[in-house]
Amino acid sequence: MIKVGWSVIVLLHGFIHLMGFLKAYNLASIDQLVLPISRTSGLIWLGAFLLFIASVFLYLFQIDWWWIIAAVAVIVSQALIVTYWEDAKFGTVANVIIMAGGILGYGHWSFNAMVDRELDQFWNGVASEQTEGDGKKIDDLPPVVQKWLNQSDINNQEAVKLNQKGRLKTTPEGSWMLVEADQYVNVDSPEFLWIADVQMASYIHLAGRDKYKDGKGHMLIKLLSLFPVANAKGAKIDQATLVRYLAEIVWYPRAATKEYIEWEQIEERKARATIENEGIITSGIFEFNKEGMPVQFEAERYYSRKEGATLETWLIDIEPSSYRVFDGMKIPTKASVTWQLDDGEFTWYLLEITDATYYSDIPQ
């Protein structure tokens with residue numbers, strides 16, 4: 001509705017500018033415009049009209065840079081309004097509305113441009129690190145891990161793309177927000193890029209990007225893709241994002257055989273995995289069901305608080321009946337993520353994998 005309403009305002013405002021052109025060239029009697037308009041000015045009115053119309057069509061066809069045309073149109077329009085203030089001053093209101101939409105369009109474009117750059121860097125990094133036959137043999141791993149991996153096709157996984165949907169909330173008392181996300185994972189070296197759209201309320205969205213690369217984590221969340229509400233970096237974020245990478249190897253099991261992960265079986269159906277990357281060492285415990293598939297992961301991870309992040313127990317429960325096959329790979333598709341805090345449990349994310357693509361040849 002907002003999209004339609006904004007487009008209608010731009011179209012109407014644009015056609016009002018056409019009136020200036022028609023008056024300048026005596027093509028129509030425009031009683032609303034009292035001040036005389038020269039033919040040169042008439043061409044400028046026509047130009048503003050064309051710019052507004054072009055911006056609407058670019059916007060409706062989802063061309064990311066439509067906001068540039070809209071901004072130029074507003075600047076030209078406002079210059080005309082100042083010149084012909086007595087006749088056109090109320091057009092300022094429309095220009096403010098249109099410019100507000102343009103600013104939001106800029107935010108969307110800017111965020112997408114950042115993501116596109118990081119995706120290019122991701123794929124270039126994966127391509128440069130491709131290796132064959134590296135890592136441990138399955139037979140050298142603990143029995144409980146062997147049982148899991150023997151049920152998975154772990155060959156030819158250089159990178160993975162995961163499509164996700166779910167619900168999350170930022171505080172125990174908060175409301176659930178709908179999430180759609182794409183995640184890109186490098187299997188040969190710990191690295192991921194998570195890009196999310198979070199519906200905070202009707203017509204109000206958060207753009208999120210979480211990543212881990214070269215031992216550094218970074219969580220960025222922007223309201224309406226424009227206003228930062230979270231921009232987390234530092235040693236504690238580095239640890240937290242590496243723990244996340246470790247937990248999510250259930251979606252890319254080949255990582256379980258990599259040299260950067262060490263395994264220790266601690267119970268019949270439990271194994272501790274320790275991951276080391278760029279000087280960061282952290283671990284977590286995987287629990288498996290009697291069929292040998294992962295059903296839970298537990299680790300110590302930093303939990304963000306206003307007074308500073310604290311190390312807390314982080315638990316992922318996998319729905320055993322949710323296992324599906326994608327590209328020959330059997331992986332879990334539904335899970336809940338919970339913080340076990342001193343004042344109670346806080347389940348903050350309910351997720352579902354809707355698709356998974358495994359790359360042996362890196363897309364160019």
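Quick one: in segment 195-252, of everything that is crowded, with 17+ Cβ neighbours inside 10 Å and among the small types (Gly, Ala, Ser), which residue is nearest to Asp64 (Cα to Cα)?
Looking at residues that are crowded, with 17+ Cβ neighbours inside 10 Å and among the small types (Gly, Ala, Ser), I get Ser225.
How about segment 171-227: which of its residues are polar (S, T, N, Q) and either over 30 Å from Ile281 (Cβ atoms) or part of a strand (DSSP E or B) (or both)?
Narrowing segment 171-227 to residues polar (S, T, N, Q): 171, 175, 183, 186, 189, 199, 202, 225.
Those that are polar (S, T, N, Q) and either over 30 Å from Ile281 (Cβ atoms) or part of a strand (DSSP E or B) (or both): Thr171, Ser175, Gln183, Asn186, Gln199, Ser202, Ser225.
Those residues that are of a type outside the set (Val, Ile, Thr), surrounded by 18 or more Cβ atoms within 10 Å (Cβ to Cβ) and touching a Pro at 6+ places or on another chain (Cβ under 8 Å), I need them from segment 288-309; list them, please.
Correct list: Phe288, Met293, Pro294.
Could you check how many residues of segment 310-364 are among the hydrophobic types (A, V, I, L, M, F, W, C) and either open to solvent by 30 Å² or more (accessible area, probe 1.4 Å) or in contact with a Cys (Cβ under 7 Å, 6 or more places away or on another chain) (or both)?
Of the residues in segment 310-364, the ones among the hydrophobic types (A, V, I, L, M, F, W, C) are 311, 314-316, 318, 325-326, 329, 331, 335, 337, 339, 341, 346, 348, 350-351, 353, 356, 362.
Within this subset, residues satisfying the condition of being either open to solvent by 30 Å² or more (accessible area, probe 1.4 Å) or in contact with a Cys (Cβ under 7 Å, 6 or more places away or on another chain) (or both) are 311, 325, 348, 350.
Going through segment 310-364 one residue at a time, the tally reaches 4.
Among the candidates Phe61, Phe49, which residue alone is surrounded by fewer than 17 Cβ atoms within 10 Å (Cβ to Cβ) and either out of contact with any helix residue (DSSP H, G or I) (no Cβ under 7 Å at 6 or more places or on another chain) or over 30 Å from Asp116 (Cα atoms) (or both)? Reasoning before the result, please.
Values: Phe49 fails: surrounded by fewer than 17 Cβ atoms within 10 Å (Cβ to Cβ).
Checking each option against the conditions leaves just Phe61.
Specify which of the listed residues (Val295, Val250) is within 25 Å of the chain's Cα centre (by Cα) and among the β-branched types (Val, Ile, Thr).
Details: Val295 fails: within 25 Å of the chain's Cα centre (by Cα).
Only one candidate passes the filter, namely Val250.
Scanning segment 148-171 for residues that are modelled with pLDDT of 95 or more and open to solvent by 90 Å² or more (accessible area, probe 1.4 Å), which turns out farthest from Thr357 (Cα to Cα)?
That would be Arg167.
The values are calculated or read from the model by the stated rules, or taken from the named source; none is laboratory data. This structure is a prediction, so every number in the text was calculated from the model and none was measured. Reconstructed Cβ throughout: ideal geometry from the backbone, glycine too, with neighbour counts over all protein chains shown. Quick note on the areas: whole protein, heavy atoms, side chains included, nothing else; ligands and nucleic acids left out. Shrake-Rupley method; radii C 1.70, N 1.55, O 1.52, S 1.80 Å.
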